[in-house]
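Student: Can you keep this structure in mind? I'll have questions shortly.
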Amino acid sequence: MLQIEIGPQTNIKALVAELPVAAQVMTAFGLGCSGCSVSTYETIEQGAAAHGLRIEPILAALKEARRSGSVPPIADEDRRPARRAPGAFSGRAKIAHVIPIMSGKGGVGKSLVTALVAIGLRRKHYRVGILDADITGPSIPKLFGLHEPLLIEADPVNKTAQGQPQPLMLPAVSRSAIEIVSSNLLTDQEDIAMIWRGPIVAGVIRQFYEQVLWSDLDFLLVDLPPGTSDAPLTVLQSLSIDGVVLVTMPQALATMIVRKAANLVHQLKRPILGVVENMSYFVAPDTGARHQIFGPSYADRVAELARAPVLARIPIDPSKAALADEGRIEEVDDPVCDELAEHLLSAVEAHPKAKETISLV
Ligand code: ADP
């Protein structure tokens, strides 16, 4: 029998299909992505790079597992992501594009849409982070099955006024190497609601931006709190953003409120990159007929008000809701992720930001 070659260019999904033990090897390296949809598009080299791991020990372990049929011992240092070598640390993370995801009201699926955009961008091999700024209803970690509190590390460059090392948060890393920071990951008691006053919320969001050891990212998506309160305003005003994505659903009320959000963004002279209509319709699995559960689409009207394109219309899909509930959203294998990413990339290109990349930390 012809054996699949194990090399840097080997596709992860194809390898696991042929050699199931490869999934265990990848998991042992902390590369839990072998089961997620991103791996369909990813080679071992790309997977290792995304997780900050050296490829040689991974290839060696995979070959050994093929020979012996089980996962060989793996050295701790080989599974520790090389975030930034301390010597190479310049004291600055470069984040090329910052894109807040905004909605007029809660419950329209803003967090799910944020996750789908992130997955779509990862499938195109971009480095992606999500700053969950929806402090009072943080749901991003749950979608990605992340529960462990964030680790804190001393800032290798900056000191506090008292000369102490500045503590920095390390982002959580999802199975497909999306970096995530959320107030839900600050304690290990997930079900304790955080009570924050408006100005504190704004402060926490700033900290999530500045006092986090983000990797150099191509995209940082910011899942904003719903509405037009202080917190989204702060983000729009104080971060160097490319533009906003507005999420809405086909409901007169949602449309009216998203209009307010669009006006706010325009008043602040920030671009709107596009509009996503979530829960747009439902396709009956038995007949294939489309039903407009919440009523006719308002997407075109909202897009006109926002002076921005419709990035995607996403149907109501119980399978996505189930994956979201189970913390396995990265297993979504839906072309809508690619559609969202492609349309967003075009919109970003159409709104070039001033050439600087923003320096943090
Ligand atoms: P928001 O962030 O706007 O408050 P969420 O993303 O948390 O909203 O979504 C609210 C609920 O609706 C979640 O349980 C989510 O899984 C579900 N949901 C969102 N979009 C869809 C969809 N297109 N199909 C099915 N369920 C969805």
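The values are calculated or read from the model by the stated rules, or taken from the named source; none is laboratory data. Predicted model only: the values in this text are computed from it and were never measured. With ideal geometry, Cβ positions are generated from the backbone for all residues, glycine too; neighbour counts draw on all protein chains shown. With ligands, DNA and RNA removed, areas are computed over all heavy atoms of the protein, side chains included. Shrake-Rupley method; radii C 1.70, N 1.55, O 1.52, S 1.80 Å.
Student: Over the stretch 99-237, give the accessible area per residue in Å² for a 1.4 Å probe, as an integer.
Tutor: That works out to 39 Å² per residue.
Student: For the stretch 90-162 and the stretch 235-266, what is the centre-to-centre distance using only Cα atoms, to the nearest Å?
Tutor: Result: 19 Å between the Cα centres.
Student: How large is the accessible surface of THR160 in square angstrom, using a 1.4 angstrom probe and rounding to the nearest 10?
Tutor: Surface open to solvent at THR160 totals about 40 Å².
Student: To the nearest 500 deg cm²/dmol, what mean residue ellipticity at 222 nm is calculated for the chain from DSSP H runs of n ≥ 4 alone, each contributing -39,500 (n - 2.57), summed and divided by the residues? Before the final figure, lay out the partial values.
Tutor: On the way: 13 runs with 128 residues, N = 361.
After summing the helix terms and dividing by the residues of the chain, the value is -10500 deg cm²/dmol.
Student: Using only protein heavy atoms and a 1.4 Å probe, report how much of ARG80 is accessible, in Å² to the nearest 10.
Tutor: 150 Å²
Student: Let me ask something additional. What net charge do the residues around PRO167 carry, taking every other residue with its C-beta under 9 Å from that of PRO167, with Lys and Arg at +1 and Asp and Glu at -1?
Tutor: Every neighbour counted, the sum reads -2.
Student: Residues of the stretch 12-79: accessible area per residue at 1.4 Å, in Å²? Walk me through the numbers before you get to the answer.
Tutor: On the way: 2960 Å² over 68 residues.
I get 44 Å² per residue for this part.
Student: Quick one: Cα centre-to-centre distance for the stretch 64-84 and the stretch 275-352, in angstrom?
Tutor: Taking the Cα centre of each part, the stretch 64-84 and the stretch 275-352 sit 39 Å apart.
Student: Among all the lysines, which ones have a C-alpha under 28 Å from LYS142's C-alpha, if same-chain residues fewer than 8 places away are not counted?
Tutor: Result set, ordered by chain and number: LYS13, LYS94, LYS105, LYS110, LYS124, LYS320.
Student: Quote the Stokes-Einstein diffusion coefficient, in whole µm² s⁻¹, for the stretch 12-79, based on the Kirkwood radius over alpha carbon pairs, a temperature of 4 °C and a viscosity of 1.567 mPa s.
Tutor: The diffusion coefficient I find is 111 µm²/s.
Student: I would also like to ask the following. P(r) for the stretch 244-318: what percent of alpha-carbon pairs falls in each 5 Å bin, starting at zero?
Tutor: Each 5 Å bin holds this share of Cα pairs: 3, 18, 27, 21, 14, 8, 5, 2, 1, 0.
Student: Using a 1.4 Å probe and counting only protein heavy atoms, arrange ARG307, ARG206 so the residue with the most accessible area comes first.
Tutor: ARG307, ARG206
Student: While we're here: How much net charge surrounds THR27 when only the other residues with a Cβ under 11 Å from the Cβ of THR27 are counted, with Lys and Arg +1 and Asp and Glu -1?
Tutor: Result for the local shell: +2.
Student: Given a 1.4 angstrom probe, I'd like the percentage of the accessible area of the chain that is carbon and sulfur, rounded to a whole number.
Tutor: Result for the chain: 54 percent of the exposed heavy-atom area is carbon or sulfur.
Student: Determine the percent antiparallel among the DSSP beta bridges restricted to the chain, to the nearest 5.
Tutor: Antiparallel bridges: around 30 percent, rounded to the nearest 5.
Student: Quick one: accessible surface of PHE294, probe radius 1.4 Å, all protein chains present, in square angstrom to the nearest 10.
Tutor: 80 Å²
Student: Compute the projected area of the convex hull of the Cα atoms of the stretch 209-361, averaged over all viewing directions, and report it in nm² to one decimal place.
Tutor: Its average projected convex-hull area is 10.6 nm².
Student: Please arrange TYR298, TYR41 by accessible surface area, largest first, computed with a 1.4 Å probe and ligands excluded. Let's see the in-between values first.
Tutor: Details: TYR298 50, TYR41 90 Å².
In descending accessible area the options line up as TYR41, TYR298.
Student: With charges set only on the Cβ (+1 for Lys and Arg, -1 for Asp and Glu), what does the dipole of the chain come to about its Cα centre, in debye to the nearest 20?
Tutor: 880 debye
Student: Can you tally the net charge around PHE282? Count Lys and Arg as +1, Asp and Glu as -1, for every other residue whose Cβ sits under 14 Å from the Cβ of PHE282.
Tutor: Result for the local shell: 0.
Student: Over the Cα atoms of the chain, what Rg and Dmax result, in angstrom?
Tutor: Answer for the chain, Rg first and Dmax second: 21.0, 68 Å.
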